[in-house]
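The values are calculated or read from the model by the stated rules, or taken from the named source; none is laboratory data. For clarity, every value in this text was computed on a predicted model and none was experimentally measured. Glycine also receives a Cβ, built like all others from the backbone with ideal geometry; neighbour counts cover every protein chain displayed.
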Amino acid sequence: MAIKPTETEPAALLKCLQQRRPAMVETLRQMVELESPSDDKPAVDRLGEFLAEQFATAGGQPKFHRQSERGNHLQVDFPGVNSQRPVMLLGHFDTVWALGTLSKMPWRVAQGRAWGPGSYDMKSGITLMLHALTALRELRGRLARPVTVLLNTDEEVGSHTSRPTIEKLARESAAVLIMEPSAGLKGAVKTARKGVGEYCLKVTGVPAHAGISPQEGASAIRELAHQIVNISEFTDLKRGISVNAGVIEGGTRSNVVAAEASALIDVRIARVRDAAYIDKKLHAVRPVNRKCRLQLTGAINRLPMERTEGVAALYGKACEAAARIHWKLEEASTGGASDGNFTAALGVPTLDGLGGVGEGAHAFNESVIIEELPRRAALIAMLIEAA
Ligand SMILES: [Zn+2]
């Protein structure tokens, strides 16, 4: 296959990154040992400072988007030789793990894997982008085109404070590469993700003594039970829709007809057009017992990342790049959402799941396969030039 003059020789790139493998493991260790739960701003900011230094050393210009509650989001701009639109590399450095998790789940290297909280989701992804950029610079001096890195701190809690910045930078970019973990142990990239909504259904009933005057009451719990069965039937797996009441709450004592009850409801949709459909259906529910009142709050937060032509074309480029280092790259879809949902919904070609290969996201067996790191970093480097 002919190599365009702006492209770096794939074999040289892979070799350079294979030599960097110990350095990648070291970067990952440093990141994992700087714990960064989404809700602990000082801890997240410590890791942010570390990352700003690392990316500056790699030739970027770091700048923080300061936050009062969440950790500061980190943007790093890399200039390019030509004036093509930038490629955006997107990742998050918050984790779901509370401070102190390291004492039960310490960083370690064993069985060919790196273990520890956040190793897979997604400190390995940030490690890959850092070393991909470093390798490109080592081999070429300057990047062929501009690159915008955005590392946010609130992905695990819905990206509410980073979303405007993500969307602004995505609109300015030719493509967005998401460093979330890959799918399965073969390391497939993700070309489709379901959209997610979170709703709360609150029922207000009429309280009464359960023994003396039950007829005067209207049980919010009984009403909620009806409604949960009702809305669960909106699930249509063929159409990619699922509705799940995952948390329920209500009542005070067993001898009181409950005055209040509520449910937290998770909604997943595979198609953008189903967002309005399911939202309307949820808002149309009416009480079975007229003495009860229903109140629904919430919305679809992340629209689905659909496998559009733009997404498919970007995946095609990734497959071509992978083939140059003798690797048959696979694709997958998932019911989980990421910040890729935001960028894809804007119509910007997005490829997700470019991060580490491993397993155990949000689980005690969280780990990444070390041997996979070099070729994945090489793929990211090649995509920076080809996307
Ligand atoms: Zn993640």
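Things to note:
- When G310, G316, G240, G250 are checked against the criterion of being buried (at least 20 other Cβ atoms within 10 Å of the Cβ) and of a type outside the set (D, E), a single residue qualifies: G250.
- When the residues of region 39-56 are filtered to those that are in contact with a helix residue (DSSP H, G or I) (Cβ under 8 Å, 6 or more places away or on another chain) and surrounded by fewer than 22 Cβ atoms within 10 Å (Cβ to Cβ), the one that is nearest to R137 (Cα to Cα) is Q54.
- Among the residues of region 179-191, the one identified as more than 16 Å from the ligand (Cβ to nearest atom) and buried (at least 20 other Cβ atoms within 10 Å of the Cβ) is T191.
- Here R307 does not fit the description of being at pLDDT below 95 and basic (K, R).
Residues are listed down the side, and each one gets a yes or a no for (1) of a type in the set (G, A, S); (2) touching a Pro at 6+ places or on another chain (Cβ under 8 Å):
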position: T8; (1), (2): no, no
position: L28; (1), (2): no, no
position: G48; (1), (2): yes, no
position: Q54; (1), (2): no, no
position: G80; (1), (2): yes, yes
position: V109; (1), (2): no, no
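Listed here are the residues, each with its yes/no results for (1) assigned by TED's automatic domain parsing to the domain that holds M129; (2) touching a Gly at 6+ places or on another chain (Cβ under 7 Å); (3) away from the ligand (no atom under 15 Å from the Cβ); (4) touching a residue at least 24 places away in the same chain (Cβ under 8 Å).
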{"site": "A318", "(1), (2), (3), (4)": "yes, no, yes, yes"}
{"site": "W327", "(1), (2), (3), (4)": "yes, no, yes, yes"}
{"site": "N341", "(1), (2), (3), (4)": "yes, yes, no, yes"}
{"site": "G358", "(1), (2), (3), (4)": "yes, no, no, yes"}
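- Within region 325-371, tally of residues that are in a helix (DSSP H, G or I), crowded, with 19+ Cβ neighbours inside 10 Å and not aliphatic (A, V, I, L, M): 4
- Evaluation of G298 against (1) on the phi > 0 side of the Ramachandran plot; (2) of a type outside the set (S, T, Y); (3) in contact with a Phe, Trp or Tyr (Cβ under 6 Å, 6 or more places away or on another chain); (4) modelled with pLDDT under 95 (one fails), failing number: (4)
- In region 108-145, the residues that are over 10 Å from V368 (Cβ atoms), of a type in the set (S, T, N, Q) and either within 13 Å of the ligand (Cβ to nearest atom) or not in a helix (DSSP H, G or I) (or both): Q111
- Meets criteria (away from the ligand (no atom under 16 Å from the Cβ), assigned by TED's automatic domain parsing to the domain that holds N289 and part of a strand (DSSP E or B)) for V229: no
- Odd one out for K280, checked against (1) loosely packed, with under 15 Cβ neighbours inside 10 Å; (2) within 26 Å of the chain's Cα centre (by Cα): (2)
- Scanning region 141-160 for residues being out of contact with any Gly (no Cβ under 9 Å at 6 or more places or on another chain) and within 19 Å of P62 (Cβ to Cβ) gives a total of 1.
- Look at region 66-95: where a residue is not assigned by TED's automatic domain parsing to the domain that holds N152, no partner that is among the small types (G, A, S) and crowded, with 21+ Cβ neighbours inside 10 Å sits 6+ places away or on another chain with Cβ atoms under 9 Å.
- Exclusive hit being touching a His at 6+ places or on another chain (Cβ under 9 Å), away from the ligand (no atom under 15 Å from the Cβ) and farther than 15 Å from G353 by Cα, set T101, T165, T148: T165
- In region 177-195, the residues that are touching a residue at least 40 places away in the same chain (Cβ under 8 Å) and more than 23 Å from D266 (Cβ to Cβ) reach residues that are within 12 Å of the ligand (Cβ to nearest atom) and in a strand (DSSP E or B) with C-beta atoms within less than 6 angstrom, at least six apart or across chains, in these pairs: M179/G91.
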